[in-house]
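Structure first, commentary second.
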Amino acid sequence: MDLGRPPLARFPSGDFLLSQRPISFDDLRHATSHSQVGDFGADNRAGISRTLHRISAIRNRKGVIVGLTCRVGRAVPGSANLLQDLVKDGGSLLLIGPPGVGKTTVIREIARMLADDYKKRVMIVDTSNEIGGDGDIPHPGIGNARRLQVPNQDMQHKVLIEAVENHMPQAIVIDEIGTKLEAMAASTIAQRGIQLVATAHGVTIENLIMNPSLEMLVGGIQSVTLGDEEANRRGVQKTVLERKGPSTFTCAAEIVSKKELRVHRSLEATVDALLAGKLPNFEIRKLGSKGSMQEVSVQKEQSHLGIYDATEFGSDSLRNARRSLDSAFSLDSAEGHIVRSDGADSSFNLYAYGISESTALQAIHQLELDDSVTLTYNISEADAVIALHSKLKKNYQIQAVLKSQDIPVFLVKTNSLPQITRALRALVDDHMDEVIDYNDKEEARSSEETDALEEARLAIEQVVIPKGESVQLLPRPSSIISSQVGLVESFSLKWEVVGQEPKACVRILPHFAPKQVEAVARETPAEPADSDWESHDDSDHTQSGITRLPFLPD
């Protein structure tokens, strides 16, 4: 309701005009009278007694109300069913999402669930009376949970401490942690062994990491300078960002929509992965049409290794890598989750991210793929994605979409026509080969073996070959050491095993093995000129050769 304008009702589907008559001062005075709503606080919010509705005022420079936003609030039973297992476990839970996505509705249902279903002593610190409703008698939507009202928003952190010290709660629920003082109070509560459920504004956990006021909720961020040896071992710069301490919350949920969540079971592991430039483990949970929960787990190993760097690999390497990864990290398909057809179809839709559309079209035309490749502007319709490396690695949102829908991604480092053409050629070859030869006999690699091989590859390519220095890898089991040795020998490098089980590890030496090089030259057929990498097996590793792994994002 705005002075001088007709009143509007806003719905997700659009605005609806309630009357042709414009709003007058009399209408605003009647709507804000004490017989209709409660008192407006310092935050310009009021409510209607024993309801969840919220009325927010717009004032002019003289303090006179010239507009109202009347928000309909309601308790929605079952809105927290997707998080029921996390609530039951007793760990502290943080909900993250943009305004209007339904955080308060979910947290209200969690408070009721804790109090009624799990019989806990629950205290709600209600800043604007949104969770428990306006008035002295709380709304029945919170069940048997008790509610502490906050007289002034600046005092919310004090009321949090008061709730712990005076009322012996087993769980505390708070909406909208927004200041450093509130984050410190929440951290204090979590350290006292009390289950904490809270919300914070933001789209992803990365937003909290970058927010200096709220970074304490995820353990705080600090800059650490590594020694030369450790920096070389990790293959990173000497100055890195690390988590300062333990996280206030055990787990977190990013609310994508009212029917979809991204759940991070270990918030500390998620933060550590993000600071290391990796995509963390998370679960995508969706509410089915019949109210049942659908869940798809997305692992960081699949998320990284599912992105192929087309500037570094030939098509054969890409096909082999994809088949081995499909067998190693298979996702259980759920209703609503995109499942690729096994039908032989040579045409597919291509989504270009960060790539010049004109250059992509030129590459398609140059390869004579106009009839088989179509550029799409809807990523959900894409069979494959070609993306600029520097753009994609900064966009956590689109990475999550790509991994949840299992869309293959090929990276290019520049917008140049040769690189895009090469990526398209690899894409088409991979797509044509996708429907055959999926019954590989190679066993799925464990995540530990994948990590070990990636550690060895990074050490070789970033330290041993360019700098001429030896690198000692982390201790591994003997079966994994043999895989690392195979990878080292594929680069024709010397190696040695240091230490005894269970602390045995491989040391890669900056010396090439001439005999192996000659043997490989005699036994390996010539490859096409445009192939950057060749896979070589010596006589001792013929049956268990190591397929080169795709590059991970920096």
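Quick notes
- Residue that is most open to solvent (accessible area, probe 1.4 Å) [pool: residues in region 164-176 that are closer than 23 Å to residue 215 by Cβ and at pLDDT 90 or above]: 164
- Qualifying residue in region 126-140 (condition: open to solvent by less than 50 Å² (accessible area, probe 1.4 Å), in a loop (DSSP other than H, G, I, E, B), touching a His at 6+ places or on another chain (Cβ under 7 Å) and touching a residue at least 12 places away in the same chain (Cβ under 8 Å)): yes
- Pair list, Cβ under 9 Å, 6 or more apart: region 28-48 residue under 18 Å from residue 72 (Cα atoms), other residue aromatic (Phe, Trp, Tyr) and surrounded by 13 or more Cβ atoms within 10 Å (Cβ to Cβ): 32/40; 46/40
- Look at (1) modelled with pLDDT under 80; (2) closer than 17 Å to residue 411 by Cα and you find that residue 387 fails only one, number (1).
- Boolean, residue 186 is surrounded by 18 or more Cβ atoms within 10 Å (Cβ to Cβ) and in contact with a Phe, Trp or Tyr (Cβ under 9 Å, 6 or more places away or on another chain): yes
- Candidates 316, 309 - the one that is open to solvent by less than 20 Å² (accessible area, probe 1.4 Å) and modelled with pLDDT under 60: 309
- Residue 48 vs. criteria open to solvent by 30 Å² or more (accessible area, probe 1.4 Å) and among the hydrophobic types (A, V, I, L, M, F, W, C): yes
- Region 189-211, residues that are loosely packed, with under 15 Cβ neighbours inside 10 Å, touching a residue at least 24 places away in the same chain (Cβ under 8 Å) and over 14 Å from residue 161 (Cβ atoms): none
- Hits in region 430-481 - residues which are modelled with pLDDT under 85, of a type in the set (Ser, Thr, Tyr) and open to solvent by less than 80 Å² (accessible area, probe 1.4 Å): 446, 447, 450, 478, 479
- Elements of type strands (runs of 3 or more DSSP E) in region 170-265, at least 2 residues being touching a helix residue (DSSP H, G or I) at 6+ places or on another chain (Cβ under 9 Å), among the hydrophobic types (A, V, I, L, M, F, W, C) and assigned by the TED database to the domain that holds residue 99: 171-174, 195-201, 239-243, 251-257, 260-264
- Residue list for region 396-417, restricted to those being outside any helix (DSSP H, G or I) and within 19 Å of residue 276 (Cβ to Cβ): 411
The values are calculated or read from the model by the stated rules, or taken from the named source; none is laboratory data. Please read these numbers as outputs of a predicted model, since none were measured by experiment. For neighbour counting, all protein chains shown are included, and Cβ atoms are generated from backbone atoms with ideal geometry for every residue, glycine included. In case anyone asks, the SASA skips ligands and DNA or RNA and just uses the protein heavy atoms, side chains included. Shrake-Rupley method; radii C 1.70, N 1.55, O 1.52, S 1.80 Å.
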